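The values are calculated or read from the model by the stated rules, or taken from the named source; none is laboratory data. Every value quoted in this text rests on a predicted model; they were computed, and no experiment measured them. Backbone-built Cβ (ideal geometry, glycine too); neighbour counts: all protein chains shown. With ligands, DNA and RNA removed, areas are computed over all heavy atoms of the protein, side chains included. Shrake-Rupley method; radii C 1.70, N 1.55, O 1.52, S 1.80 Å.
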Amino acid sequence: MFHWWNDMKFKRIKEGEFKRLIETKTISSMIAQESNHESNKFSLFGIDETNQLGYAIRHGRVDELRTWRLDILSAFVKSLGFTSIEVYFSKVSKK
């Protein structure tokens, strides 16, 4: 799937906690990964490069990754003060 962070530990957190980690500058970069189950739907991962930790936004009521269309996700990332994001597409072919 990904190259340099294959061994990184990931935690699923709610959006509010994700925003708090950005405000405290814990998250220093972001990655969008396309879902293997839904075309054109992406999950957002925040990377804490200092501690080699990753954070993914989950739904509030269930422990599943939240997904967005890329245009909506990019607007959200911009609203958090980021000017760039890495985007990875699923390698699973979809019909």
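Kindly list, by first and then second residue, each pair from a residue in segment 34-55 that is under 20 Å from Asp7 (Cβ atoms) to a residue that is of a type in the set (Asp, Glu), limited to pairs with Cβ atoms under 9 Å and residues at least 6 apart or on different chains. Listed by first residue and then by second, the contacts come to Ser43/Glu34; Gln52/Asp7; Gly54/Asp48; Tyr55/Glu17; Tyr55/Asp48.
Among the residues here, Glu49 qualifies as touching a strand residue (DSSP E or B) at 6+ places or on another chain (Cβ under 7 Å), modelled with pLDDT under 95 and of a type in the set (D, E, K, R).
Residue by residue, here is whether (1) open to solvent by 50 Å² or more (accessible area, probe 1.4 Å); (2) more than 14 Å from Leu80 (Cα to Cα); (3) of a type in the set (Lys, Arg) holds:
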position: Lys9; (1), (2), (3): yes, yes, yes
position: Arg12; (1), (2), (3): yes, yes, yes
position: Gly16; (1), (2), (3): yes, no, no
position: Arg20; (1), (2), (3): yes, no, yes
position: Ala32; (1), (2), (3): no, yes, no
position: His37; (1), (2), (3): yes, yes, no
position: Ser43; (1), (2), (3): no, yes, no
position: Asn51; (1), (2), (3): yes, yes, no
